[in-house]
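Single-structure report; data block below.
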Amino acid sequence: MTLARNYDALFIDGRWIKPSSSETIKVISPGTEAVIGSVPAASTEDVDRAVGAARTAFENGPWPTMAPMERAEILRRVRDAIAERREDFATLITDEMGSPITQSRAIQVGTPLALLDSYLELIETFPFRDIRTTSSGSALVTREPVGVVAAVVPWNVPLTVAIQKVAPALLTGCTVVLKPATETPLTAFALAQLFQEAGLPQGVLNVVPASREVSEYLVSHPGVDKLTFTGSTAVGRRLASICGQNLTRVTLELGGKSAAVILDDADMDATVESLRLASLRNSGQICSLKTRLLISNRRHDEFIDRLRGLVESMPVGDPHDPSVQIGPMATARQRDVVQGYIQAGKSEGATLAIGGGHPTQEHGWFADPTVFTDVKPDMKIALEEIFGPVLSVLRYDDEDMAINLANHSPYGLNGAVFTSDLDHGLAVAGRIRTGTVEINGSSAGFHAPVGGFKDSGIGREAGQEGLEAYVEPKSYGLPHDFAAGLGQANKAHADSF
């Protein structure tokens, strides 16, 4: 299958169907500013059809009642198909949103494959049924699919976030209406093609790229049981308020302004090298990046010298060039936002350690990789998510001050501690109010939950928690002897899995 660039139909009810209007969405390459494809723009009528198809598939179709391993087999086919087309997907994502091609191969495609592997392993032991017997009573507790899921995904890692939402929803028996970002709809349509080829029953997955107004119509739709959204905190607040009207279940993975606490005993060379990806991957367009770097006064100058060297070693330019490590911003608007923050940093009195100028590329929406030092904790560049290659270095006097600085943020998505004393590093990490803290650049892996404290969201994705987000617990009160018999049957069933 060749990954198409131009579509004249929407994927609804297992088929490619004509949209209800002639409005289209043009897909523009951030690197060349050229139109590389187009898709139909879904209308409210198309959303009605998509939600209706998902509702029918959930209430009357085979998907929710299939054995979990039968559902897993279809997702395994999709996983293998992505792996077979890895280079095609990497090239498509680089074209759509400007991710450097080496990172598209390793991260934009490698991460969704790892997510699928993780979910396919976890579903084998997920407790869909268990018996609980106590002196107060005996219960069969089941975990049933929540229903029709609206999955609204961003443009920065389009395949990763689509898989992060679609895979657990489908594995638990839900049906999905996927709303991709208008900047990167081609990836979502290519994914729909793979699901169609894999034999997914009709109506189980539907794809409707749409404007903000139509997207809000989807979120407010009475036929939707759950929203899962990744994006900015401002939009997350708006969508959560809409969900509140219908008591729609919601998972929100929102913004971040994560801090890296670099302790005095850290290996400085290894720490700075870790920041190549921890702070600047995908050209700074990842919500979990460590963009506030906290360093003691004692080691500040040597850290800044190494950080300058890191940025100088990261070529900026054509994202299809394998040597490039910083590509364009995904949209012209995002480029302007990043440049606005660089100007704000200068205006507020932060010191430029490197960058801060105007990119020299003739075409493309580039932002100059920039490091500010002498940043104060209440400066705009220290408090607000920039979503570009701009880092703020803050000084601290002692460890307590470092932890207070790390927590001085409305966000709580991610963070890091760098130290040669791992026990002490873990203790410091325990005082940082975020959903994830990485010690010396160590990934938590895909069996661990992802999500944030404070303004960084509600709920968790990935790991068993990511599956639990798509089920509703249901309890059955049972006579004790009957419950005991079911318990034995459950155990035998689990042993034969």
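Coordinate-derived values only; no laboratory data. These figures come from a predicted structure and were not determined experimentally. Neighbour counts run over all protein chains shown; Cβ positions are idealised from the backbone, glycine included.
For ASN246 and ALA489, FRET efficiency with R0 = 45 Å and r from the beta-carbon atoms, rounded to 0.05? The partial results should precede the final answer.
Details: r = 38 Å, r/R0 = 0.84.
Computed FRET efficiency for ALA489 and ASN246 comes out at 0.75.
For THR32, THR228, what ranking results if the residue with the fewest other Cβ atoms within 10 Å of its Cβ goes first?
Values: THR32 16, THR228 28.
Exposure proxy ranking, most exposed first: THR32, THR228.
With the crude spin-label approximation of a point 7 Å out along Cα→Cβ, what separation in nm comes out for ASP48 versus ASP269?
6.7 nm
Using a 10 Å cut-off around each Cβ, can you sort ARG333, ARG105 from fewest to most neighbouring Cβ atoms? Intermediate values should be presented prior to the final figure.
On the way: ARG333 11, ARG105 19.
With the sparsest Cβ surroundings first, the list reads ARG333, ARG105.
For the peptides 181-188, 287-294, what is the packing order when you average, over each peptide's residues, the other Cβ atoms within 10 Å and list the highest mean first?
Numbers: 181-188: 24.2, 287-294: 26.1.
Final packing ranking: 287-294, 181-188.
So between ASP400 and HIS358, what do we pick up on full extension, going 0.36 nm a residue minus the alpha carbon distance?
Numbers: separation 42, 0.36 × 42 = 15.12 nm, distance 3.77 nm.
11.3 nm is the gain from fully extending ASP400 to HIS358.
Quick check on the exposure proxy: order SER104, SER241, SER211, SER279 from fewest to most C-beta atoms within 10 angstrom. List each step's numbers first, then the result.
Values: SER104 29, SER241 10, SER211 14, SER279 25.
Exposure proxy ranking, most exposed first: SER241, SER211, SER279, SER104.
Determine, for the chain, the count of lysine pairs separated by eight or more sequence positions (or lying on different chains) whose alpha-carbon distance falls under 18 Å.
Value for the chain: 16.
Return, ordered by residue number, the residues of the range 182-206 whose backbone nitrogen is under 20 Å from a label point located 7 Å along Cα→Cβ of ALA9.
It comes to 185-206, nothing else.
Can you work out the base-10 log of I(q)/I(0) for the range 5-99 at q = 0.14 1/Å, using the Debye formula on its C-alpha atoms alone?
Relative scattering, expressed as log10 I(q)/I(0), comes to -0.78.
Give me the dipole magnitude in Debye, nearest 20, for the range 258-445 about the Cα centre, with unit charges on the beta carbon: positive for Lys and Arg, negative for Asp and Glu.
Working: 16 positive and 26 negative charges, 118 e Å.
For the range 258-445, the charge dipole is close to 560 debye.
Using DSSP, restrict attention to beta bridges with both residues in the chain and report what percent are antiparallel, rounded to the nearest 5.
Antiparallel bridges make up about 45 percent of those DSSP assigns within the chain.
Can you list, bin by bin at 10 Å, the percent of alpha carbon pairs in the range 401-457, starting at 0?
Reading upward from the zero bin: 25, 54, 21, 0.
Where the only charges are on Cβ atoms (+1 Lys, Arg; -1 Asp, Glu), what is the dipole of the chain about its Cα centre, to the nearest 20 debye? List each step's numbers first, then the result.
Details: 44 positive and 60 negative charges, 206 e Å.
So the dipole magnitude of the chain works out to roughly 980 debye.
Distance in nm between label sites at LYS376 and ASP305, each 7 Å beyond Cα in the beta-carbon direction?
2.9 nm
Using 0.36 nm times the number of residues separating THR56 and ALA198, minus their current alpha carbon distance, what extension gain do you get?
On the way: separation 142, 0.36 × 142 = 51.12 nm, distance 2.02 nm.
Taking THR56 through ALA198 to full extension adds about 49.1 nm, to one decimal.
Compute the length gained on full extension between GLU87 and ALA427: take 0.36 nm times their separation in residues and subtract their Cα-Cα distance, giving the result in nm to one decimal. If you can, show how the numbers build up before the last one.
Details: separation 340, 0.36 × 340 = 122.40 nm, distance 4.17 nm.
In short, 118.2 nm is gained.
Which of ALA444, THR351, THR184 sits farthest toward the positive end of the charge dipole of the chain, with +1 on the Cβ of Lys and Arg and -1 on the Cβ of Asp and Glu?
THR184
Calculate the FRET efficiency for HIS408 and ASP481 from the Cβ-Cβ distance with a Förster distance of 51 Å, rounded to the nearest 0.05. Don't jump to the answer; show the numbers that get you there.
Values: r = 58 Å, r/R0 = 1.15.
Step by step, r from the Cβ atoms, then E = 0.30.
Given Cβ point charges of +1 (Lys, Arg) and -1 (Asp, Glu) and nothing else, what value in debye, to the nearest 20, does the dipole of the range 24-77 about its Cα centre take? If you can, show how the numbers build up before the last one.
Details: 6 positive and 7 negative charges, 38 e Å.
Magnitude of the dipole: close to 180 debye.
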